[in-house]
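J.: Take a look at this one; I'll ask things after.
The values are calculated or read from the model by the stated rules, or taken from the named source; none is laboratory data. All values derive from a computational prediction rather than experimental measurement. Cβ atoms come from the backbone with ideal geometry, glycine included; neighbour counts cover every protein chain shown.
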Amino acid sequence: MALETLTWLNLSFVEKILRKSEEDGSIQVIDMSSKPATNKGDNYLSDMIRITVEFSRNQSGREIKEKKSIIVKLSPIIESVRQKFITQAGYFQTEILMMSDTLDKMNKLLGPKYRLSGRSLYVQNENPTLLAIEDLMSLGFRMADRLSGLDLAHSVLAFQGLARFHAASVAVCEKESKQKEYSKGMFYHQHPPELQAFFIMGTKALADEIANWPEVKKYSEKIAKLSNHVYQIAEDAIKPFEDEFNVINHGDCHLNNMLFKYDNNGKPTDQIFVDFQMCVYTTPALDLHYFLNTSPSMDVMENERNTLLNEYLGTLSATMKQLNCKTQPLTMEELKAILKRRASYGMIASFTILPLMLCSKSESKDLDEIMSTGTFINPEMALETSTWLNLCFVENILRKSENDNSIQVIDIFSKPATVKGDNYTSDMIRITVEYSRGSKIKEKKSIIVKLSPVLEGIRKKMVTQAGFFHIEMSMMSDTLNKMNKMLGAKHRLSAKILHMQNENPVLLVIEDLASLGFQMADRLSGLDLNHSILALHGLARFHAASVALYEKEPKQKEMYSKGIFCNQYPPDMREIFIKSTEALADEIVNWPEVKKYSEKIAKLADHIYQIGLDATQLCEDEFNVINHGDCHVNNMLFKYDNNGKPTDQIFVDFQLSIYASPALDLLYFLNSSISFDVIEYKKDVLLSEYLDTLTTTMKQLNCKTQPPTMKQLKATLKRRASYGMITSFVILPFMLCCKTEAKDLDELFGTGTFMNPEIILETLIWLNPCFVENILRKSENDNSIQVIDIFSKPATVKADNYTSDIIRITVEYSRGSKINSEKKSIIVKLSPVFKVIEDLAFLGFRMADRLSGFDLDHSILAFRGLARFHAASVVLCEKVSGTFFCHSFISCKNASNKPNFIKIGDFQLSIYSSSALDLLYFLNSSISFDVIEYKRDVLLSEYLDTLTTTMKQLNCKTQPPIMKELKAILNELRALADKSSAIQIIEIDLTDTDSYKRVVDTVKERVNGAGLNVLFNNAGISSKFTRLGLVKKQQITDAFLINTVAPIMLTKAFLPLLKIAAKNSEDKTGLSVRRAAVINMTSILGSITENSDGGFYPYRCSKAALNAATKSMSVDLKADGILVACLHPGWVRTDLGGSNAPMDVDNSVSCILNTLNSLTEKQTGFFVQYDSKILPW
């Protein structure tokens, strides 16, 4: 998350908030972690970060450690529709005013028992604008389920809270009439046009959608006609009238903007509001209509409206009386009259806000996506409102499955039963049904509806043409039903089928295993030994029961002949395996430990499907069973005891079942679903468990067929080993893909991206408990250490700019006979090789604030540490560290917040040379301005004293310099820099186009009216080489931003100075770099003609675009006397070019300078090589 890398979001910032809010100057922050506090689709206008902070404080002379969580709300910093909304409409300033003033006063009036909001801890009005507030979640509050809507208990609490909010606002407004000045709210004529467009588009989208709903399509045209006037209707509805009862409305009062607290039975006991950006002083009908039309469940909205209004009015009247309000509260008659007059506001809320509430989180869109795509109706909503999915349909299923015609369905609620990236071939809906039977006792039940896909796409095409869904229908209605009866209830293999329908639409209804306590295991970590044994026990019973069944009914063998590989399947099925294998080959070429296999795997790609066909071929003289066919962790559920130990297992999803060798299921499962340590060390244990259970079950079922021996089983597995290979190539990446990055089948085919970036980090095979255990045993010299668990995360953030990848591993382990476990943190630094070091943060060290620079205390400690470093290097005759700036110093503070000592990290640029290098580097990069200006000599004295003392203690033969010699060395280096005073460094962030003006102004000041002769757009980035199947959207976006957009926009910004230089030039007859020029550094990889190798999509495309821009610039700027050319520097040994490049920097630069000086109007607009050769576009 980009927000987490903002420079102000550091320990110092959080420490300041805590000290101020807790009124305790002894607080010292030890560590903090941050993550987004909201999810995509929550559609809060602000950015929100949840910060968990560990800190200490002094209490009665003792240091106490505590943990706390706070929320930081920011006005959006990234340019977007959302940013425009909040900035131009002034929403964030409204919330700051509400939380820092109005709500604070309202909360004091009501007291802590009925407080309305979280406590404001800190307000900052610029750079960036933000609010820090207490984290209500840490106080036990949480959000209710927006999809099901609020039941009566939740709705009553919400209405009581809203009544107190309104009553307290009346009391505050009576005391301070200025509090009535919240005049904008959600609908205001001065709000940006995009806000109006949001409501217009939302209304049009609803009209388009319901045109397909038979029961309400007659309203579609009327709603469409309303759309262009909907914003004005809302503006009219919210107008306050002085002679009416008015309050400060929350303004955005839906269930996402309130949190609830619960008792041990799950009953809501308290409620609180969040998000106060749209508060407005007007009639309370606004909040009431908004809430009633967006947040309660259908039955509450339909049957309990008067109950809620009574609760609201009763609480409003009682609270206003307690607060001694002079204003009279409404009567029920008056309240209903106001609600009737403002009914259009409720209509608009249901048209535009309710769809956002009903959108499942897996498919939800944020405001920028909505505005850019115009998509206001989610496909899940259309699914949920299908005409067949109604009370009557569910009632018929329950009556038939329960064999009870007295059942009457009262209400149903449906939502998707899977999330994006689960990649089930069917659509699945979870229906929660409330019903009564016979004696009118109400019951609740949950069922699953599985549908053959209805939306057009690759998935529907595959499922339909391959007949997957009909295989599952056959398995569940016939084969599995018989197998379950054989095994008995204790060992059943699958859920019970409740209903089957062969058309309009094709579907299965089955019991919901989640309601029986079954749940999915974590697919990312892989199954541990306990889970794996349960799974293989279940698989053995599955196979044994299938043998018993086909011995009785031989036709069962013939029903399942396809599986996952079949010549009759559509080409798209084959493509999944081919493309995935190619993607894997392209990916591992960048993994040093396995890149040697890349070419071999790539050669396999075109034959991979045939290899799968051969591996699954039926051999009648072998032991064969009905295989599950898709036996991975996502297709099985587990039940757990109170200690979290798995106690039962069951299978789901039977669309790829096939009669063949059991090796298929075993290899598929072993290569897709088990954790690395289990598959490496416990494979034989698992095979023994499988074979024992298979043999025992077949004996219990009186099977005539003989089960295989272990020798036969292993021989079969060996013969079919290629099937396991294919599974690990194609299926394993899906299992290891984190859910936030997961893609469904249609996206995979649409984008061609078959390898997820997260997989690279998550599948580092060496980063496992065994690896960490070896490290601890060796470093602690204790072979009794046993690692229990590890957790890893990046140890740096974006913009730290370390050249290595760094991972922080927190490890829990035990040693010897000790019962209590220990915890430790270590750092792994990676390059092509890696090293493991102790985690200094764990010892109390942390990075100082690089923005403010070191104060004197920090600087002295750093200079002393540097002196000892240099002294020790003299003794060892080794190199001196060459990278010392603020990033490389980690300080440890005492109770007075002063640094006690400093450690130095990152030694990748060490060099044996004059100590002045480190001193000048540090002095000019890391120290605050006042220290470097007034305390330079103090620091040099500290350095020299420590250097001399340490060298003496270490018995160095070399004599340390005296102060005069040290200053002479420093002055010599400074004089060298002064000789090149024409070179001036100005920092620029090319991704921040708003900063270009500052850079141009600085250059303008320094050239003092002379203009700018040459603008050399040199910066560039390139992702690693990738084929089409691996290229990522972000890689392309980043490359175009730096390589194409930045040169164009920077040239635009500097154009006035270039024109001045061209105008002031003595030679105005031609074009040259001596007059004025723009040189765009490009690459031969940007040449379309010279592209014979493919790949490099982000880099090639962005450089080709830069070439096109260069040509246009040359045309546009020729009349202004400005030469424009794009230059290929050759393949040069730089960070971008790599160590294998044939040309060094000096040679390239020398050639480039000669070429630049030779350019004339004949070369303007051309693609020029470093040696003056003209290159083809």
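J.: Name the helices (runs of 4 or more DSSP H) wholly within segment 1024-1138 that hold at least 1 residues that are under 21 Å from VAL1000 (Cα atoms) and of a type in the set (Phe, Trp, Tyr)?
T.: Working: elements: 1033-1040, 1046-1064, 1097-1117.
Once the helices (runs of 4 or more DSSP H) in segment 1024-1138 are filtered for at least 1 residues that are under 21 Å from VAL1000 (Cα atoms) and of a type in the set (Phe, Trp, Tyr), what remains is 1046-1064.
J.: Continuing with the same structure: For the structure I just gave you, tell me whether LEU150 is surrounded by 22 or more Cβ atoms within 10 Å (Cβ to Cβ), touching a His at 6+ places or on another chain (Cβ under 9 Å) and closer than 25 Å to ALA37 by Cα. If you could, list the steps in order and put the result at the bottom.
T.: Details: surrounded by 22 or more Cβ atoms within 10 Å (Cβ to Cβ): yes; touching a His at 6+ places or on another chain (Cβ under 9 Å): no; closer than 25 Å to ALA37 by Cα: yes.
In short, no.
J.: Looking at segment 825-844, is at least one residue of a type in the set (Lys, Arg), at pLDDT 70 or above and surrounded by fewer than 16 Cβ atoms within 10 Å (Cβ to Cβ)?
T.: no
J.: Out of the residues in segment 423-439 meeting the condition of being touching a strand residue (DSSP E or B) at 6+ places or on another chain (Cβ under 9 Å) and not in a strand (DSSP E or B), tell me which one is modelled with the highest pLDDT.
T.: Checking each candidate, the answer is SER426.
J.: Separate question: Step by step: first the residues of segment 629-651, then only those that are in contact with a Ser or Thr (Cβ under 7 Å, 6 or more places away or on another chain) and in a loop (DSSP other than H, G, I, E, B), then the one that is surrounded by the most Cβ atoms within 10 Å (Cβ to Cβ). Which residue is that? Spell out the reasoning first.
T.: Narrowing segment 629-651 to residues in contact with a Ser or Thr (Cβ under 7 Å, 6 or more places away or on another chain): 629, 632-633, 639-641, 650-651.
Remaining after also requiring in a loop (DSSP other than H, G, I, E, B): 629, 632, 641.
Values: GLY629: 25, HIS632: 23, ASP641: 9.
Only one residue tops the list, namely GLY629.
J.: Given LEU1050, LEU1015, LEU1057, which one is more than 30 Å from ALA583 (Cα to Cα), at pLDDT 90 or above and in contact with a Lys or Arg (Cβ under 9 Å, 6 or more places away or on another chain)? Walk me through how you get there before you give the answer.
T.: Numbers: LEU1050 fails: in contact with a Lys or Arg (Cβ under 9 Å, 6 or more places away or on another chain); LEU1015 fails: in contact with a Lys or Arg (Cβ under 9 Å, 6 or more places away or on another chain).
None of the others qualify; the one that does is LEU1057.
J.: Out of GLU181, GLU209, which single residue is in the same structural domain as LEU356 (by TED's automatic domain parsing), acidic (Asp, Glu) and over 20 Å from THR294 (Cβ atoms)? Please lay out each step first, then the result.
T.: Details: GLU209 fails: over 20 Å from THR294 (Cβ atoms).
Within the list GLU181, GLU209, the selection yields GLU181.
J.: Hey, which of the strands (runs of 3 or more DSSP E) in segment 213-319, taking only ones fully inside, have at least 1 residues that are among the polar types (S, T, N, Q)? Steps first, please.
T.: On the way: elements: 247-249, 258-262, 268-273, 280-282.
Filter on segment 213-319 gives 247-249, 268-273, 280-282.
J.: Scan segment 150-171 and report the pairs whose first residue is within 21 Å of ASN265 (Cβ to Cβ) and whose second residue is assigned to a loop (DSSP other than H, G, I, E, B) and of a type in the set (S, T, N, Q), with Cβ atoms within less than 6 Å and a gap of 6+ or a chain change.
T.: Note: pairs meeting the criteria are LEU150/SER295; ASP151/SER297.
J.: Let me ask something additional. For VAL547, indicate whether it is in contact with a strand residue (DSSP E or B) (Cβ under 9 Å, 6 or more places away or on another chain), at pLDDT 85 or above, outside any helix (DSSP H, G or I) and not assigned by TED's automatic domain parsing to the domain that holds VAL433. Walk me through it before giving the result.
T.: Values: in contact with a strand residue (DSSP E or B) (Cβ under 9 Å, 6 or more places away or on another chain): yes; at pLDDT 85 or above: yes; outside any helix (DSSP H, G or I): no; not assigned by TED's automatic domain parsing to the domain that holds VAL433: yes.
The answer is no for VAL547.
J.: Within segment 86-108, is even one residue hydrophobic (A, V, I, L, M, F, W, C), at pLDDT 90 or above and assigned to a loop (DSSP other than H, G, I, E, B)?
T.: No, segment 86-108 contains no residue that is hydrophobic (A, V, I, L, M, F, W, C), at pLDDT 90 or above and assigned to a loop (DSSP other than H, G, I, E, B).
J.: GLU23: surrounded by fewer than 14 Cβ atoms within 10 Å (Cβ to Cβ), modelled with pLDDT under 85, farther than 20 Å from ALA795 by Cβ and among the acidic types (Asp, Glu), yes or no? Steps first, answer last, please.
T.: Values: surrounded by fewer than 14 Cβ atoms within 10 Å (Cβ to Cβ): yes; modelled with pLDDT under 85: no; farther than 20 Å from ALA795 by Cβ: yes; among the acidic types (Asp, Glu): yes.
No, not satisfied.
J.: Is it the case that some residue within segment 1085-1106 is surrounded by fewer than 18 Cβ atoms within 10 Å (Cβ to Cβ), under 46 Å from the mean Cα position of the chain (by Cα) and closer than 23 Å to LEU1050 by Cβ? Explain how you work it out, then say what you get.
T.: Quick first cut of segment 1085-1106, residues surrounded by fewer than 18 Cβ atoms within 10 Å (Cβ to Cβ) only: 1088-1095.
Applying the additional criterion that residues be under 46 Å from the mean Cα position of the chain (by Cα) yields 1088-1095.
Applying the additional criterion that residues be closer than 23 Å to LEU1050 by Cβ yields none.
No, segment 1085-1106 has no match at all.
J.: The conditions are (1) at pLDDT 95 or above; (2) under 21 Å from ILE223 (Cβ atoms), and ILE370 fails exactly one of them. Which is it?
T.: That leaves (1) as the condition not met.
J.: Of all residues in segment 220-236 being surrounded by 14 or more Cβ atoms within 10 Å (Cβ to Cβ) and within 23 Å of LEU339 (Cβ to Cβ), which is modelled with the lowest pLDDT?
T.: ALA234
J.: I need a count of the residues in segment 690-718 that are more than 18 Å from LEU539 (Cα to Cα) and either under 42 Å from the mean Cα position of the chain (by Cα) or of a type in the set (Ser, Thr, Tyr) (or both).
T.: Residues meeting the conditions: 1.
J.: Same structure, new question: Consider segment 937-960. How many of its residues are closer than 13 Å to PHE869 by Cα and either touching a helix residue (DSSP H, G or I) at 6+ places or on another chain (Cβ under 6 Å) or among the aliphatic types (A, V, I, L, M) (or both)?
T.: 7
J.: Would you tally the residues in segment 1056-1068 being touching a residue at least 60 places away in the same chain (Cβ under 8 Å) and buried (at least 20 other Cβ atoms within 10 Å of the Cβ)?
T.: To start, the set of residues in segment 1056-1068 that are touching a residue at least 60 places away in the same chain (Cβ under 8 Å) comprises 1058-1059, 1062.
Restricting the remaining residues to those that are buried (at least 20 other Cβ atoms within 10 Å of the Cβ) gives 1058, 1062.
Here the count works out to 2.
J.: Among ILE807, ILE788, which is exposed (fewer than 14 other Cβ atoms within 10 Å of the Cβ), modelled with pLDDT of 75 or more, part of a strand (DSSP E or B) and of a type outside the set (D, E, K, R)?
T.: Numbers: ILE807 fails: exposed (fewer than 14 other Cβ atoms within 10 Å of the Cβ).
Exactly one of ILE807, ILE788 is exposed (fewer than 14 other Cβ atoms within 10 Å of the Cβ), modelled with pLDDT of 75 or more, part of a strand (DSSP E or B) and of a type outside the set (D, E, K, R), namely ILE788.
J.: Tell me which residues, restricted to segment 26-53, are modelled with pLDDT of 90 or more and surrounded by fewer than 18 Cβ atoms within 10 Å (Cβ to Cβ).
T.: Once the filter is applied, which keeps residues that are modelled with pLDDT of 90 or more and surrounded by fewer than 18 Cβ atoms within 10 Å (Cβ to Cβ), segment 26-53 yields only SER26.
J.: Which count do you get for residues in segment 262-292 that are under 32 Å from the mean Cα position of the chain (by Cα) and either closer than 15 Å to LEU335 by Cβ or at pLDDT 90 or above (or both)?
T.: Qualifying residue count, segment 262-292: 10.
Yes or no, residue by residue, for (1) outside the structural domain of PHE791 (by TED's automatic domain parsing); (2) under 35 Å from the mean Cα position of the chain (by Cα); (3) assigned to a loop (DSSP other than H, G, I, E, B); (4) surrounded by 21 or more Cβ atoms within 10 Å (Cβ to Cβ):
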{"position": "LEU524", "(1), (2), (3), (4)": "yes, yes, yes, no"}
{"position": "LEU539", "(1), (2), (3), (4)": "yes, no, no, yes"}
{"position": "TYR569", "(1), (2), (3), (4)": "yes, no, yes, no"}
{"position": "GLU575", "(1), (2), (3), (4)": "yes, yes, no, no"}
{"position": "SER580", "(1), (2), (3), (4)": "yes, yes, no, yes"}
{"position": "ALA585", "(1), (2), (3), (4)": "yes, yes, no, yes"}
